[in-house]
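A short worksheet on the structure shown next.
The values are calculated or read from the model by the stated rules, or taken from the named source; none is laboratory data. Everything quoted here is computed from the prediction, not taken from an experiment. Backbone-built Cβ (ideal geometry, glycine too); neighbour counts: all protein chains shown. Note: areas computed on protein heavy atoms with side chains; ligands, DNA, RNA excluded. Shrake-Rupley method; radii C 1.70, N 1.55, O 1.52, S 1.80 Å.
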Amino acid sequence: MVNYLMYKRTPPQMKLLGIETQISPSLRNRLGSSWAQLFRDEVLPILFRKEDDYAALYGKTGRPNFSVARLLGLCLLQEWNDLSDQEALDTFSFDVRWRYALDVSDEGDYLSRRSLVEFRRRLATKDPDMKLIRSVFDSIRDSAIDALGLSTSNQRLDSTHIVSNIRLRGRVALFTNTLNLFLKSLDEDHLSRVPAAIREWHAKEPEGWFGLGPAEQKARLQELARYLHELILVFEKDNLGEPYQLLKRPFSEQCECSQDNPEEPKIAVKKKTEGPTLQSPYDPDASCGHKGPGYSVHIAETCNNDKTEIITDYEVHGAARSDIGKTLPVIERLDTAGHKPDTLFADGGYPSVPSALKVKEQDIEFITPVNRSRLADEVVGRDQFQFNAEGRVTQCPQGHKPVDHRILSAHNTTGRSLHAVFKGDACRLCTMLDQCPVRAPNHRNKGCQPRDTVGDFRLEITPELRLRDQMYVLQQTTEWKDRYRIRSGIEATNSELKRAHGIGRLRVRRLVKVCFAVACKVIACNIKRWAKTFLSRKGIPGGPVLASLAARVVLWIDVIRGVLLKTGFVFAMRVTGTVSGTV
């Protein structure tokens, strides 16, 4: 048996007689003035260069693969237009623009749905971190930024909520689907060990919560929780893989088991759950956050450019994970790509005291609202104290100088941090003591007022707290608010991704597939913006006329070349000789 390498690189040379030679000159002119021209000239060569990275997806025996570059291009165009698999394949076969953009001739204009699905399955299996599609995103982003001459010094960051292809119908439906999924995964031997009551319930194909009142739903939920517990105990020592782990997960997250009577444990369903709880057994990676169940997508893009803006980074994770601290991974990826911003705009969900300081340490101006309770006008803030270059206090607003700086325990925490120590006698005589943020001595009786204490006062002066107070003071100014207005523009990008590209409701499940779909939609959005700006620049006076004439000339050259090839090389030489002799 002869072994063939399944992976086959696509020849990057364009077709001599492409699809554009089969249409009229006017349509050819319109085709050259559409997005398909930029996709063919700029995006398709990038996909050709990335093909070898996907060779690991294929084995060493079997039929050679369909062009990887064109498969990737098809996935991008599919998410660009938010189409199903069959709709994308039909458009690929019958839309001239798609075939022109992907440089597909008549013999390659058909692709089966199985080939498309199998390509995505291989990609999800071999590259679960989705590094390959991330590399495509990086290359297209860099090319678009260079071609459009955009600046990445100012960027903005925001997150948006998305949902995978799951139904969300409450805990009764969640328990029911989890039980059914587990029971369907069992073979006959394991199924015979299932309690008779559960087998009978499974055979009736219950409809979940529909049509049940509150009291009936509560009783049904209690019954399903007991079924979960019974099955967990029955198959505790069996290695049944993911279905069994999914069976345990909703019980541990949603239920409580009392072991007062081991023979008849009391099962109770929690009134409220917290954390990354299971939302659907068909998509265990989805979780529930304050915006709802599903996933969160972080989007960073350029801003303050006169032209269009380009998305520079994306990240996907479960909806239960907070936005706090997600700024640093974004900056790290942008720095690696050479697009580290000088100024970063973000909403109030991103900054934390430690992360804001780390962003500042990277010489990035972090313009974002900080979360701190508003102080009364008469209250003295930490920002009104004077500090030296080393971050030590030189004097308070009343002119009192500290007597020492020590590492002491922080307020209501076991951690220790730097404090400025002030003479207690001076603080107790100060008229601003009641409005000052300094802390009174700890060794005092309950209810003792600060002026009646004995000992020195102290003020916590960690760099994180000082930065938070400084940022809070700045965000009260009109200048800061005027600069921060640019951040709201990224809400339009989130709306565009949801409205035009369908990122809000995906057709896939599981984190790996969700990441691939999101990446394709983000890349498609960048290509669309790139093409729109590129075509607007081409719209100069006389441009369409010149383009039409050029298209006609090229068309006639292609027709003449085709005639020469069909009539034979000898005839072509004769024509060439005759013309030369005439001249």
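Looking at ASP434, ASP377, ASP404 in this structure, which one is modelled with pLDDT under 80 and open to solvent by 50 Å² or more (accessible area, probe 1.4 Å)? Walk me through it before giving the result.
On the way: ASP434 fails: modelled with pLDDT under 80; ASP404 fails: modelled with pLDDT under 80.
When all the criteria are applied, what remains is ASP377.
Taking the conditions exactly as written (modelled with pLDDT of 85 or more and open to solvent by less than 60 Å² (accessible area, probe 1.4 Å)), does ARG483 satisfy them or not? If you could, list the steps in order and put the result at the bottom.
Numbers: modelled with pLDDT of 85 or more: yes; open to solvent by less than 60 Å² (accessible area, probe 1.4 Å): no.
When the stated conditions are applied, ARG483 does not pass them.
Residues of the range 130-163 being among the basic types (Lys, Arg) and closer than 16 Å to CYS520 by Cα, which ones?
First, pick out the residues of the range 130-163 that are among the basic types (Lys, Arg): 131, 134, 141, 156.
Hits for the range 130-163 are LYS131, ARG134, ARG141.
For the range 308-322: of the residues being modelled with pLDDT of 95 or more and among the β-branched types (Val, Ile, Thr), which is surrounded by the fewest Cβ atoms within 10 Å (Cβ to Cβ)?
VAL316
Is it fair to say LYS271 is over 20 Å from the mean Cα position of the chain (by Cα) and more than 29 Å from LYS360 (Cα to Cα)? Spell out the reasoning first.
Values: over 20 Å from the mean Cα position of the chain (by Cα): yes; more than 29 Å from LYS360 (Cα to Cα): yes.
So LYS271 fits the description; yes.
Just checking, how many residues over the range 492-505 are part of a helix (DSSP H, G or I) and farther than 19 Å from THR308 by Cα? Explain how you work it out, then say what you get.
As a first pass, look at the range 492-505 and keep what is part of a helix (DSSP H, G or I): 492-499.
The next check asks that each one be farther than 19 Å from THR308 by Cα; those that pass are none.
Number of matching residues: 0.
Could you check the range 490-505 and list, in sequence order, the residues that are open to solvent by 60 Å² or more (accessible area, probe 1.4 Å) and at positive phi?
Once the filter is applied, which keeps residues that are open to solvent by 60 Å² or more (accessible area, probe 1.4 Å) and at positive phi, the range 490-505 yields nothing.
Criterion first (farther than 30 Å from SER352 by Cα and among the β-branched types (Val, Ile, Thr)) does VAL454 satisfy it?
Answer is yes for this residue.
Select from the range 19-56 the residues that are hydroxyl-bearing (Ser, Thr, Tyr) and either touching a Phe, Trp or Tyr at 6+ places or on another chain (Cβ under 8 Å) or assigned to a loop (DSSP other than H, G, I, E, B) (or both) and list them in ascending order. Lay out the reasoning, then the answer.
Of the range 19-56, the ones hydroxyl-bearing (Ser, Thr, Tyr) are 21, 24, 26, 33-34, 54.
If the condition is that a residue be hydroxyl-bearing (Ser, Thr, Tyr) and either touching a Phe, Trp or Tyr at 6+ places or on another chain (Cβ under 8 Å) or assigned to a loop (DSSP other than H, G, I, E, B) (or both), then SER24, SER33, SER34, TYR54 are the ones that fit.
Which of the residues that make up the range 155-173 are open to solvent by less than 20 Å² (accessible area, probe 1.4 Å), among the polar types (S, T, N, Q) and in a loop (DSSP other than H, G, I, E, B)?
Of everything in the range 155-173, just one residue is open to solvent by less than 20 Å² (accessible area, probe 1.4 Å), among the polar types (S, T, N, Q) and in a loop (DSSP other than H, G, I, E, B), namely SER164.
Considering only the range 212-227, how many residues are open to solvent by 70 Å² or more (accessible area, probe 1.4 Å) and outside any helix (DSSP H, G or I)?
0
Does SER536 count as within 17 Å of GLN155 (Cα to Cα) and open to solvent by 50 Å² or more (accessible area, probe 1.4 Å)? Walk me through it before giving the result.
On the way: within 17 Å of GLN155 (Cα to Cα): no; open to solvent by 50 Å² or more (accessible area, probe 1.4 Å): yes.
Criteria not met by SER536.
Are there any pairs with C-beta distances below 8 angstrom linking a residue in the range 463-475 that is among the aromatic types (Phe, Trp, Tyr) to a residue that is open to solvent by 50 Å² or more (accessible area, probe 1.4 Å), with the two at least 6 apart or on different chains, and if so which?
TYR472/ASP383
Please enumerate the residues belonging to the range 74-84 that are open to solvent by less than 20 Å² (accessible area, probe 1.4 Å) and farther than 16 Å from ALA36 by Cβ.
The one that is open to solvent by less than 20 Å² (accessible area, probe 1.4 Å) and farther than 16 Å from ALA36 by Cβ: CYS75.
What is the residue count in the range 436-483 for residues that are within 23 Å of VAL403 (Cα to Cα), over 36 Å from the mean Cα position of the chain (by Cα) and not acidic (Asp, Glu)?
19
Among the numbered conditions (1) open to solvent by 80 Å² or more (accessible area, probe 1.4 Å); (2) more than 18 Å from ASN65 (Cβ to Cβ); (3) at pLDDT below 85; (4) not acidic (Asp, Glu), tell me where PRO11 comes up short.
Every condition holds for PRO11 apart from (2).
Within the range 158-173, which residues are in contact with a helix residue (DSSP H, G or I) (Cβ under 6 Å, 6 or more places away or on another chain) and among the aliphatic types (A, V, I, L, M)?
Of everything in the range 158-173, just one residue is in contact with a helix residue (DSSP H, G or I) (Cβ under 6 Å, 6 or more places away or on another chain) and among the aliphatic types (A, V, I, L, M), namely VAL172.
Is it true that some residue in the range 143-154 is open to solvent by 20 Å² or more (accessible area, probe 1.4 Å) and in contact with a Cys (Cβ under 7 Å, 6 or more places away or on another chain)?
Yes.
Taking the conditions exactly as written (touching a Phe, Trp or Tyr at 6+ places or on another chain (Cβ under 9 Å) and of a type in the set (Val, Ile, Thr)), does THR91 satisfy them or not? Spell out the reasoning first.
Working: touching a Phe, Trp or Tyr at 6+ places or on another chain (Cβ under 9 Å): yes; of a type in the set (Val, Ile, Thr): yes.
So THR91 passes the test.
Quick one: what pairs do we get from the range 228-252, first residue in a helix (DSSP H, G or I), second among the charged types (D, E, K, R) and open to solvent by 60 Å² or more (accessible area, probe 1.4 Å), C-beta under 7 Å, 6+ apart or different chains?
Final answer for the pair search is ILE232/LYS248; VAL234/ARG193.
Matching residues to (1) open to solvent by 30 Å² or more (accessible area, probe 1.4 Å); (2) of a type in the set (Lys, Arg); (3) in a helix (DSSP H, G or I):
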| position | (1), (2), (3) |
| --- | --- |
| ARG466 | yes, yes, yes |
| ASP469 | no, no, yes |
| SER488 | yes, no, yes |
| ARG507 | yes, yes, no |
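Out of the range 471-480, which residues are in contact with a helix residue (DSSP H, G or I) (Cβ under 7 Å, 6 or more places away or on another chain) and either open to solvent by 80 Å² or more (accessible area, probe 1.4 Å) or among the basic types (Lys, Arg) (or both)?
Of everything in the range 471-480, just one residue is in contact with a helix residue (DSSP H, G or I) (Cβ under 7 Å, 6 or more places away or on another chain) and either open to solvent by 80 Å² or more (accessible area, probe 1.4 Å) or among the basic types (Lys, Arg) (or both), namely LEU474.
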